[in-house]
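*Asks:* Take this structure, written in structure tokens, and hold onto it; I'll ask about it next.
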Amino acid sequence: MLSRIKSYGLIGLNGYAVTVEIDVSGGMPAYETVGLPDAAVRESKERVRAAIKNSGFTYPVGRITVNLAPADTRKEGSFYDLPIAIGLLTATGQIDQQRVDEYMFLGELALDGTVRSIPGVLPMVIGAYKDGITKAFLPEDNAAEASYVEGVKIAAAHDLKGVVDAIMGREQPNIYAPQHWNTENITYAQDFMDIRGQQGAKRAAEIAVAGGHNLLLVGTPGSGKTMLARSIPSILPELTFEEALEITKIHSVTGAMKGKNGIVSERPFRAPHHSASMA
């Protein structure tokens, strides 16, 4: 039997649609992944096999072909574990294809079926929204950042069994509440208003911030250079929602959103030390 599952991949900071096609046929047991997969994608077969068995489902016996379309674009990462597992269960009749068609799937699987977080969720969900997809199963740890994309209903996936039960209507999906952009509760490690004196240095910092210029602070140890640098973020202009999404996309792709709740709300600021090397 053949199944098709909606998923997404990354090219730079942009998500693009990936269709996970799975064919299970008779013959000698074999497993082949095509569509320019990298090592992490090829290794998914072992994670998926263990996750399906340990979640109480039947792993198919026969020749399994997994195609990641479009076939001319390289697929990287562990994003496709969950859609491949759902596709195998659909191809073997353990899940109804029509129910699966409502969702797109992303997530790495642990051997016990737990759905682990992945990088780059936000740009992939934004891409899904632009393509008209309105429902998505995502890892629990990634649901917060994705919930800021209006128009996509985020179902937080804890494990494979829970995802299957939600698809088949045996239990309610864990829908993550949509989040709204709010900058009122931002706190800073150092406030610019707390600095006493240093009028010349403060004026230079204000001009640099207003004009978007770089700033070099030179002075004797203990004169307040570090304190002034740490306070500059507190006078930077607030982010717009579009800017916050763009910054969070970068953090998400690099894996910097792991363990964070929501999206980046502070304007980026870098203060390299004078001893930092060119590397």
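*Asks:* Give, in nm to one decimal, the length gained when the segment between ARG170 and ALA30 is fully stretched (0.36 nm per residue of separation minus the Cα-Cα distance). Provide the component values of the computation, followed by the final result.
*Replies:* Details: separation 140, 0.36 × 140 = 50.40 nm, distance 3.21 nm.
Result: 47.2 nm gained on full extension.
*Asks:* If you don't mind, another one. Quick one: which residues, 5 or more positions from ALA157 or on another chain, have an amide H under 5 Å from its amide H? H modelled 1.01 Å from N in the peptide plane, none for Pro or chain starts.
*Replies:* The list, which skips near neighbours in sequence, is LEU138, GLU140.
*Asks:* Compute from the Cα atoms of region 2-167 the Rg and the Dmax, the latter being the longest Cα-Cα distance, and quote both in angstrom.
*Replies:* For region 2-167, the Cα radius of gyration and maximum Cα-Cα distance read 14.4, 47 Å.
*Asks:* Running a GNM on the chain with Cα contacts under 10 Å, which residue among GLY132, GLY77, GLY107 ends up with the highest mean-square fluctuation?
*Replies:* It is GLY132.
*Asks:* Something else now. Can you bin every Cα-Cα distance in region 89-230 into 5 Å intervals starting at zero and give me the percent of pairs per bin, rounded to whole numbers?
*Replies:* Calculated P(r), rounded to whole percents: 2, 8, 14, 14, 11, 7, 6, 7, 8, 7, 6, 4, 3, 1, 0.
*Asks:* Per-residue ellipticity at 222 nm for the chain, helices alone: DSSP H runs ≥ 4 residues times -39500 (n - 2.57), over residue total, nearest 500 deg cm²/dmol?
*Replies:* Calculated at 222 nm, the ellipticity per residue is -8500 deg cm²/dmol.
*Asks:* Treating cross-link reach as a plain straight distance, find the lysines whose alpha-carbon is under 24 Å from the alpha-carbon of LYS225, omitting any fewer than eight places away in the same chain.
*Replies:* LYS202
*Asks:* A further question on this structure: Give the percent of DSSP beta bridges with both residues in region 2-167 that are antiparallel, rounded to the nearest 5. Can you show the working numbers first?
*Replies:* Numbers: 20 of 34 bridges.
Close to 60 percent.
*Asks:* Could you work out which residue, out of LEU160, LEU215, LEU106, moves most in a Gaussian network model of the chain, that is, has the largest mean-square fluctuation with Cα springs under 10 Å?
*Replies:* Top of the fluctuation ranking is LEU215.
*Asks:* To continue, here is another question. For the chain, compute Rg over Rh where Rg is the Cα radius of gyration and Rh is the Kirkwood radius from the inverse mean 1/r over Cα pairs.
*Replies:* On the way: Rg = 23.5 Å, Rh = 21.1 Å.
Using Cα coordinates only, the ratio equals 1.12.
*Asks:* Using the crude model of +1 on Lys and Arg Cβ and -1 on Asp and Glu Cβ, and no other charge, please compute the dipole size for the chain relative to its Cα centre, in debye to 20. Each step should come with its number before you reach the end.
*Replies:* Details: 27 positive and 31 negative charges, 109 e Å.
Roughly 520 debye, rounded to the nearest 20.
*Asks:* With a sphere of radius 14 Å drawn around the Cβ of PRO233, what net charge do the other residues whose Cβ falls strictly inside it have (Lys, Arg +1; Asp, Glu -1)?
*Replies:* Numbers: positive: ARG230, ARG267, ARG270; negative: ASP191, ASP194, GLU206, GLU238, GLU266.
Combined, the nearby Lys, Arg, Asp and Glu give -2.
*Asks:* While we're here: Amide H to amide H, which residues 5 or more places from VAL18 or on other chains are under 5 Å from it, using H placed in the peptide plane?
*Replies:* SER7, TYR8, GLY9
*Asks:* Can you give the % of DSSP beta bridges in the chain that are antiparallel, to the nearest 5?
*Replies:* Values: 21 of 35 bridges.
Antiparallel bridges: around 60 percent, rounded to the nearest 5.
*Asks:* Next up: Determine which aspartates and glutamates satisfy two conditions relative to LYS153: a Cα distance under 18 Å, and not lying fewer than 8 residues away in the same chain.
*Replies:* Result set, ordered by chain and number: ASP101, GLU102, ASP131, GLU140, ASP141, GLU145, ASP165, GLU171.
*Asks:* Also: Modelled label-to-label distance, GLU243 and SER277, 7 Å Cα→beta-carbon offset: nm?
*Replies:* 3.4 nm
*Asks:* Same structure, new question: Take the chain, connect every pair of alpha-carbon atoms lying under 10 Å apart with a spring to form a Gaussian network, then pick out the residue of LYS135, LYS249, LYS202 with the largest mean-square fluctuation.
*Replies:* LYS202
Any read-out appearing in this document is the output of simple, stated calculations on the displayed coordinates, not a laboratory observation. The structure displayed is predicted, hence computed values, not measured ones. Using ideal geometry, Cβ is built from the backbone for each residue, glycine included, and neighbour counts are taken over all protein chains shown.
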